[in-house]
Amino acid sequence: MTGFNLDPQMRDFIDSYLEISSLSTATSVSQQRIDYDRVVQHFRHAHPPGISCSDSVVVGRHGKIPLRRYRYRDGNDDALVMFIHGGGFILGSLDSHDDICAELCAATGYDLVSVDYRLSPEHFHPTHLDDVEDAFKHCWQDEVILVGVSAGGTLAAALCHRMRLQRRKAAGQVLIYPGLGGDCFDLDSYRDNANAPLLTTDDILFYRGARCDTDALPMDDPEFYPLVADDFAATPPTIAFSADIDPLRDDAARYVEKLRAADVAAEWINETGLVHDFLRARHASDVAGAAFRRICDAITRLARQDLRLRGHNT
């Protein structure tokens, strides 16, 4: 962590995280899943009062897709939040972000559906995106706000591109430290944060490769790399959050630049002093807790169709 501007609370969080697991991409996928589950359980929090949840499945083109729906007792059905978890396309489940989903539901008041898409290496691109699209079509209502975290942010942006010309599409998207296909040799954040805590540039290259069953990545496919799209005009209003100490930081900034150039309402919020996976630090760090509240506010703003989005760098 030498050379990174971290406050003591974030340093303590990272130390605890690394004591539990380094989540090293040098180990097997099965071991990474064991380590990830250990991290999830360590930082897990109880659901807020008033939250209920239920599990179901939807049958998509590749088979059954598990869903978990959260409701808040004092909530409303003006909008639906669809949550797409992170985990580098090889990790994550309905349980990995369960407490985060419950708190997002309670804070915003909107029903939230979490999607358990298929993972690599058992399944490859575009199966992950197909599952998310099938779940979206099953759950669709007039106001659906996509919330994608890390790899889930990749899938949210890719889904918005795939469905850009369809009538039933997302009303907005909130992307949280998303990987959008930034050029590791072009963007500053990949160099400045190459060895950042909890996610390195080498990790990103591993996760990208894990998505495909071939060494030749589909570099020109916007459903794989949303940043390479040649048309962003039909993208829904977007608020993209990045962690400043994260190789993926500039992916979010570049994506918002392209949206705004296409006259799409878009805002970039860069969270100073935070690292990748800072959502898990929301109760351990005041800075991460404030960022989590901004994410909740972003969902509410998009659901209320408050399109007066700002160019913003917190």
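The values are calculated or read from the model by the stated rules, or taken from the named source; none is laboratory data. Quick caveat: nothing in here was measured; it's all calculated off a predicted structure. Neighbour counts run over all protein chains shown; Cβ positions are idealised from the backbone, glycine included.
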(message) Looking at region 145-154 only, could you name the residues that are assigned to a helix (DSSP H, G or I) and closer than 17 Å to L259 by Cβ?
(response) G153, T154
(message) Condition first: surrounded by fewer than 21 Cβ atoms within 10 Å (Cβ to Cβ), within 30 Å of L217 (Cα to Cα) and touching a Cys at 6+ places or on another chain (Cβ under 8 Å). Now tell me which residues in region 97-124 satisfy that.
(response) F124
(request) Consider D142 carefully, then state whether it is touching a residue at least 24 places away in the same chain (Cβ under 8 Å), surrounded by fewer than 24 Cβ atoms within 10 Å (Cβ to Cβ) and not in a loop (DSSP other than H, G, I, E, B). (result) no
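Is it the case, given these coordinates, that R294 is modelled with pLDDT of 95 or more, under 18 Å from the mean Cα position of the chain (by Cα), more than 22 Å from D192 (Cα to Cα) and crowded, with 19+ Cβ neighbours inside 10 Å?
Details: modelled with pLDDT of 95 or more: yes; under 18 Å from the mean Cα position of the chain (by Cα): yes; more than 22 Å from D192 (Cα to Cα): yes; crowded, with 19+ Cβ neighbours inside 10 Å: no.
For R294, the condition - modelled with pLDDT of 95 or more, under 18 Å from the mean Cα position of the chain (by Cα), more than 22 Å from D192 (Cα to Cα) and crowded, with 19+ Cβ neighbours inside 10 Å - is not met.
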(request) Can you give me the ranges of the helices (runs of 4 or more DSSP H) entirely in region 1-111 with at least 1 residues that are modelled with pLDDT of 95 or more, of a type in the set (A, V, I, L, M) and farther than 28 Å from E122 by Cβ? (result) 8-20, 98-108
(message) I'd like the full set of residues that are in contact (Cβ under 8 Å) with a residue 60 or more places away in the chain and farther than 17 Å from A210 by Cβ, limited to region 110-129.
(response) Y110
(message) Anything in region 212-264 that is touching a Phe, Trp or Tyr at 6+ places or on another chain (Cβ under 8 Å), of a type in the set (D, E), surrounded by 16 or more Cβ atoms within 10 Å (Cβ to Cβ) and assigned to a loop (DSSP other than H, G, I, E, B)? List them, or say none.
(response) D246
(message) Looking at G209 and the list (1) part of a loop (DSSP other than H, G, I, E, B); (2) over 24 Å from L146 (Cα atoms); (3) more than 18 Å from the chain's Cα centre (by Cα), which single condition is not satisfied?
(response) (1)
(message) If R167 meets every condition in (1) in contact with a Lys or Arg (Cβ under 7 Å, 6 or more places away or on another chain); (2) within 25 Å of A265 (Cα to Cα); (3) surrounded by fewer than 18 Cβ atoms within 10 Å (Cβ to Cβ) apart from one, which number is that one?
(response) (1)
(request) Of the conditions (1) assigned to a helix (DSSP H, G or I); (2) within 17 Å of the chain's Cα centre (by Cα), Y190 clears all except one; give me its number. (result) (2)
(message) Can you find a residue that is among the charged types (D, E, K, R) and within 30 Å of C160 (Cβ to Cβ) anywhere in region 45-62?
(response) yes
(request) May I ask you to list the residues in region 119-134 that are closer than 15 Å to G86 by Cβ and touching a Leu at 6+ places or on another chain (Cβ under 8 Å)? (result) L119, H128, L129, V132
